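Novice: Sharing a structure here in structure tokens format.
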Amino acid sequence: MRTTEQAVPGLSARQRLYGIRSRVRRFRWELATGGRPLARWFPRTWFTDPLALVDICSPWEVAWVTRHAATQLRGIGAVVELGPWLGDITAGILDGASRNPAATDVVVDAYDLFVFDDIEARTAGLPLEGRFHDGDDFLDLYRTRLGARSARVRPHQGDVLDATWDRDLPIEFLFVDVAKTWEIWNHLAATFLPALVVGSVVVEQDWAHACTPWIHLWHHRWRSHFAELEQVPNAGSFAFELIRSLPEAAFEPTSMDDFADDEIEAAFDWAASLVDPERRPNVRAALVQLHTLHGDLDTASRTCVRELAASRIDSELVDVALPELAARLAANR
Ligand SMILES: C[S@@+](CC[C@H](N)C(=O)[O-])C[C@H]1O[C@@H](n2cnc3c(N)ncnc32)[C@H](O)[C@@H]1O
């Protein structure tokens, strides 16, 4: 990726090096906790790029997509990224593709609002504080940060609920980091998933997180159509490869009413079993969150206590699902 000079001019050398010691410490630690196979693909700019401090994906996810684009893309379809934020994953895909003779023509179709909504909180206390404001359009920043690579990106700015895709255009690689509501997930399932072909790879960035339980339910229901590739080390993303075409029913909208209790429990047992022990409670937290968001606070409370009793690790169970449940219980009093 380019330096931040072009994207955020005027930073001092000291500001550019902000946090470098802790980044090096984290890198070394995470190398030892599963990162080693990806070390060759690790984004070098991560150590000194101040914008990396507000990237939401982990640099290991960047390394993973870089390796995937360099070694796995076969040129059988489009590359689509849903929710690219400031472009770290886009850059990784394009850097990898540039090393892959089958993928040198790749263009990334990137769908995002490209409007900041919480950048002031994210930059508070950092050298970037005060530079960006909630409500700012960040499409130019995304393009500038990508530098020459932006010629190989087609940004689609706007609400992804309005996004369209021609299902006859196969998608070879789909990176999903925008399925933040069930409504959005239903739209993605109807719009992008019909374009998957056997051999397509889908990365669910929100897999080992609490807030998007609909993706676990959908993937569990259609799991016999996918190979479970791997969890990205030190990160929440999980990659699936389509091995059998999906039926039309997979693209239909779903809601809580479409899932029986035992299917829900089985879905989260399975979803949690795919990830490392440290992140398993995050997936269990998604089960609590599912009941909370559905408004069944009794079931959410019972499930939450059961999961807290089973988990010894601090996780999104404590940091995300429990506070959300507590807030709703308080509001209902
Ligand atoms: C969690 S961030 C993605 C982080 C990113 N993958 C990275 O590499 O750091 C979610 C992204 O989805 C975008 N987004 C959220 N809701 C959206 C919507 N309804 N339509 C389009 N984009 C949306 C946000 O602007 C943000 O860039």
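The values are calculated or read from the model by the stated rules, or taken from the named source; none is laboratory data. Please read all numbers here as calculations on a predicted model, not as lab measurements. No Cβ is skipped: glycine too gets one built from the backbone with ideal geometry, and neighbour counts run over all protein chains shown.
Novice: Among residues belonging to region 103-130 that are among the acidic types (Asp, Glu) and either touching an Asp or Glu at 6+ places or on another chain (Cβ under 7 Å) or in a strand (DSSP E or B) (or both), point out the one that is farthest from the ligand (Cβ to nearest atom). Can you show your working first?
Specialist: Of the residues in region 103-130, the ones among the acidic types (Asp, Glu) are 105, 109, 112, 117-118, 120, 129.
Subsequent filtering for residues that are either touching an Asp or Glu at 6+ places or on another chain (Cβ under 7 Å) or in a strand (DSSP E or B) (or both) retains 109, 112, 117-118, 120.
On the way: ASP109: 13, ASP112: 4, ASP117: 7, ASP118: 9, GLU120: 14 Å.
Across region 103-130, the extreme among qualifying residues is GLU120.
Novice: Quick one: in region 276-306, which of the residues that are β-branched (Val, Ile, Thr) and without any contact (Cβ under 8 Å) to a residue 24 or more places away in the chain is surrounded by the most Cβ atoms within 10 Å (Cβ to Cβ)? Lay out the reasoning, then the answer.
Specialist: Applying the first criterion (β-branched (Val, Ile, Thr)) to region 276-306 yields 283, 288, 292, 299, 303, 305.
With without any contact (Cβ under 8 Å) to a residue 24 or more places away in the chain added as a condition, the list becomes 299, 303, 305.
Values: THR299: 17, THR303: 24, VAL305: 12.
Looking at residues that are β-branched (Val, Ile, Thr) and without any contact (Cβ under 8 Å) to a residue 24 or more places away in the chain, I get THR303.
Novice: Consider only pairs whose beta carbons are under 9 Å apart and that are at least six residues apart or on different chains; among these, list those whose first residue lies in region 244-263 and is of a type in the set (D, E, K, R) and whose second residue is exposed (fewer than 11 other Cβ atoms within 10 Å of the Cβ).
Specialist: Cβ pairs passing all conditions: ARG244/SER224.
Novice: What's the total number of residues in region 135-150 that are surrounded by 17 or more Cβ atoms within 10 Å (Cβ to Cβ), within 14 Å of the ligand (Cβ to nearest atom) and not charged (D, E, K, R)?
Specialist: Result for region 135-150: 4.
Novice: In addition: Looking at ALA69, is it in contact (Cβ under 8 Å) with a residue 24 or more places away in the chain, within 16 Å of the ligand (Cβ to nearest atom) and buried (at least 20 other Cβ atoms within 10 Å of the Cβ)? First the steps, then the outcome.
Specialist: Details: in contact (Cβ under 8 Å) with a residue 24 or more places away in the chain: yes; within 16 Å of the ligand (Cβ to nearest atom): yes; buried (at least 20 other Cβ atoms within 10 Å of the Cβ): yes.
Spelling it out, ALA69 is indeed in contact (Cβ under 8 Å) with a residue 24 or more places away in the chain, within 16 Å of the ligand (Cβ to nearest atom) and buried (at least 20 other Cβ atoms within 10 Å of the Cβ).
Novice: For region 65-79, check the following and say yes or no: at least one residue is in a loop (DSSP other than H, G, I, E, B), within 20 Å of SER150 (Cα to Cα) and small (Gly, Ala, Ser). Working first, answer last.
Specialist: As a first pass, look at region 65-79 and keep what is in a loop (DSSP other than H, G, I, E, B): 72-77.
Still in the list and also within 20 Å of SER150 (Cα to Cα): 73, 75, 77.
From what's left, small (Gly, Ala, Ser): 75, 77.
There is at least one residue in region 65-79 that is in a loop (DSSP other than H, G, I, E, B), within 20 Å of SER150 (Cα to Cα) and small (Gly, Ala, Ser).
Novice: Quick one: in region 151-182, which of the residues that are of a type in the set (Asp, Glu) and more than 9 Å from the ligand (Cβ to nearest atom) is farthest from ALA249 (Cα to Cα)? Quick ask: steps written out before the conclusion?
Specialist: Residues of region 151-182 that are of a type in the set (Asp, Glu), as a first pass: 159, 162, 166, 168, 172, 177.
When the remaining residues are screened for being more than 9 Å from the ligand (Cβ to nearest atom), the result is 166, 168, 172.
Numbers: ASP166: 18, ASP168: 18, GLU172: 21 Å.
Only one residue fits best here, namely GLU172.
Novice: Within region 117-134, can one find any residue that is within 30 Å of THR254 (Cα to Cα), surrounded by fewer than 16 Cβ atoms within 10 Å (Cβ to Cβ) and modelled with pLDDT of 95 or more?
Specialist: Of all residues in region 117-134, those within 30 Å of THR254 (Cα to Cα) come to 117-118.
The next check asks that each one be surrounded by fewer than 16 Cβ atoms within 10 Å (Cβ to Cβ); those that pass are 117-118.
Add one more test, that the residue is modelled with pLDDT of 95 or more, and what stays is 117-118.
So far as region 117-134 goes, yes, one or more of its residues are within 30 Å of THR254 (Cα to Cα), surrounded by fewer than 16 Cβ atoms within 10 Å (Cβ to Cβ) and modelled with pLDDT of 95 or more.
Novice: So which of ARG284, ARG279, ARG244 ends up being in the same structural domain as ALA32 (by TED's automatic domain parsing) and of a type outside the set (A, V, I, L, M)?
Specialist: Working: ARG284 fails: in the same structural domain as ALA32 (by TED's automatic domain parsing); ARG279 fails: in the same structural domain as ALA32 (by TED's automatic domain parsing).
Only one candidate qualifies: ARG244.
Novice: Is it the case, given these coordinates, that ILE313 is farther than 30 Å from HIS225 by Cα and outside the structural domain of VAL198 (by TED's automatic domain parsing)? Step through it out loud before you land on a result.
Specialist: Details: farther than 30 Å from HIS225 by Cα: yes; outside the structural domain of VAL198 (by TED's automatic domain parsing): yes.
Yes.
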